[in-house]
1. Select from region 135-164 the residues that are among the small types (G, A, S) and outside any helix (DSSP H, G or I) and list them in ascending order.
2. For region 165-179, state whether one or more residues are touching a residue at least 40 places away in the same chain (Cβ under 8 Å), touching a His at 6+ places or on another chain (Cβ under 8 Å), in a loop (DSSP other than H, G, I, E, B) and surrounded by 18 or more Cβ atoms within 10 Å (Cβ to Cβ).
3. Name the residues in region 183-238 that are in contact with a helix residue (DSSP H, G or I) (Cβ under 6 Å, 6 or more places away or on another chain), surrounded by fewer than 16 Cβ atoms within 10 Å (Cβ to Cβ) and more than 23 Å from A163 (Cβ to Cβ), would you?
4. Restricting region 292-321 to residues that are closer than 24 Å to M169 by Cβ and not in a helix (DSSP H, G or I), which is modelled with the lowest pLDDT?
5. Do we find a residue being modelled with pLDDT of 80 or more and assigned to a loop (DSSP other than H, G, I, E, B) anywhere in region 251-266?
6. Just to verify a result, which residue in region 249-265, among those that are within 19 Å of V239 (Cα to Cα) and among the charged types (D, E, K, R), is nearest to the chain's Cα centre (by Cα)?
7. Would a scan of region 28-38 turn up a residue that is farther than 30 Å from P201 by Cα, modelled with pLDDT of 85 or more and in a helix (DSSP H, G or I)?
Amino acid sequence: MDNSGLRAVTDRDIEMARHLDAFINSYRNSPASRRSVASALTSTAKRLSRNADDACTFPWEGLANAEVFDASRRNLEEGTEAAGAYAERGGVSAATADRYMAVAMAFLVFLARRGFIDWGKLEATRLNKPRIRRTKPLGRRLLRSEVTELLAAAHRQPNKPKAARDCAMLALLAGTGARRSELANISYEHLTDEPPSVYLPRVKGGGDRTALIPRTAKPYLDQWVSIRGASPGPLFNKVLKNGAVEASHRLSDQTIWWHIRQLAERTGLGWEPTPHDFRRFFVTDLLDSGIDVLAVARLVGHRSPYSTQRYDRRGPEDLRHHLERLDIPSPDDLEALLDDDPTSRVNHDVNL
């Protein structure tokens with residue numbers, strides 16, 4: 001066995017491993033965020049250094065230098081000869097590079113707070129922190145017809161328990177605006193019949209909330225519960241090929257996403273919706289119905305209406321539809337008014 005490429009683990013590596021573990025676990029309310037942060041740090045380390053075996057051996061303290069930080073961002077986009085296992089893949093997109101460096105900056109701040117790197121050296125770099133460069137909003141709006149197609153694809157599945165479960169998942173995503181991680185954490189005991197609602201125990205940013213369930217989504221949920229049973233435990237379970245429901249097997253948020261992708265392939269939508277696109281559908285559809293943004297923010301669980309506005313995917317044609325509701329008197333209306341009041345016409349003509 002050739003061990004020439006291996007190096008001894010140092011005390012610094014062990015200490016860095018502890019810092020990394022603490023940083024990743026600081027996102028305790030979101031398993032998805034922990035996976036995303038860990039993946040970003042590992043990818044950054046392997047793309048920027050041929051000598052780094054993983055995030056623990058990468059010299060993160062070097063990024064505290066503003067020039068090194070900026071050069072590292074450019075290398076991520078352009079690709080770098082040091083990119084070890086990723087050398088053949090080339091650079092990443094600007095958005096991905098910004099995301100990687102944003103996570104790196106958050107980790108550097110975490111290290112500074114723990115006394116591993118010098119705050120003074122980091123300050124200049126923080127002033128140059130990565131800016132998210134977006135030419136258009138992320139994601140897109142699911143149309144009502146597309147939600148119908150996805151529900152129909154789920155309903156047509158030959159495995160009836162699986163069909164009922166997938167329909168219930170889609171209905172809750174579209175009817176509550178819940179995130180996929182929130183959907184995965186729902187248990188049967190979190191449901192309330194009157195009024196129809198579901199308790200979401202762990203939401204983004206910490207805390208919890210109760211989401212109201214629309215009457216149109218309730219039948220899908222009731223059908224799934226009638227098959228699943230009223231026993232405590234995960235609401236959305238694994239369904240075997242023979243239709244048996246594994247009551248103790250909770251679907252993960254990644255599995256929920258995978259099922260939506262599978263349904264989208266059967267519909268021929270021509271694009272791949274994500275679970276978060278249902279959240280955009282929820283917000284946009286409510287705003288388009290004339291509900292004020294403050295009420296929509298409460299329904300979707302946003303602390304600020306500014307967050308809700310970012311989910312609005314109404315296009316120019318939608319805005320044109322609302323604009324045409326303005327009732328400005330037309331020239332014909334004005335002529336009719338003047339004909340009814342000859343005195344007004346005289347005054348009108350004199351003013352002209």
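1. Narrowing region 135-164 to residues among the small types (G, A, S): 139, 145, 152-154, 163-164.
The answer is G139, and nothing else.
2. As a first pass, look at region 165-179 and keep what is touching a residue at least 40 places away in the same chain (Cβ under 8 Å): 165-179.
Still in the running and touching a His at 6+ places or on another chain (Cβ under 8 Å): 166-167, 169, 179.
Remaining after also requiring in a loop (DSSP other than H, G, I, E, B): 179.
With the extra rule that they be surrounded by 18 or more Cβ atoms within 10 Å (Cβ to Cβ), the set shrinks to 179.
Within region 165-179, one or more residues are touching a residue at least 40 places away in the same chain (Cβ under 8 Å), touching a His at 6+ places or on another chain (Cβ under 8 Å), in a loop (DSSP other than H, G, I, E, B) and surrounded by 18 or more Cβ atoms within 10 Å (Cβ to Cβ).
3. Residues satisfying the conditions are Y199, P232.
4. Out of the qualifying residues, it is R313.
5. Step one: of region 251-266, the residues modelled with pLDDT of 80 or more are 251-266.
If we keep only those that are assigned to a loop (DSSP other than H, G, I, E, B) as well, we get 251-252.
Yes; the residues of region 251-266 include at least one that is modelled with pLDDT of 80 or more and assigned to a loop (DSSP other than H, G, I, E, B).
6. The extreme case among them is D253.
7. Initial filter on region 28-38 (farther than 30 Å from P201 by Cα): none.
No, the conditions are met nowhere in region 28-38.
Yes or no, residue by residue, for (1) under 27 Å from D253 (Cβ atoms); (2) surrounded by 15 or more Cβ atoms within 10 Å (Cβ to Cβ):
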| site | (1), (2) |
| --- | --- |
| R18 | no, no |
| I24 | yes, yes |
| Y27 | yes, yes |
| A32 | yes, yes |
| S39 | yes, no |
| S43 | yes, yes |
| L48 | no, yes |
| A55 | yes, yes |
| N65 | no, yes |
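The values are calculated or read from the model by the stated rules, or taken from the named source; none is laboratory data. This structure is a prediction, so every number in the text was calculated from the model and none was measured. Please note: Cβ atoms are built from the backbone with ideal geometry, for glycine as well, and neighbour counts cover all protein chains shown.
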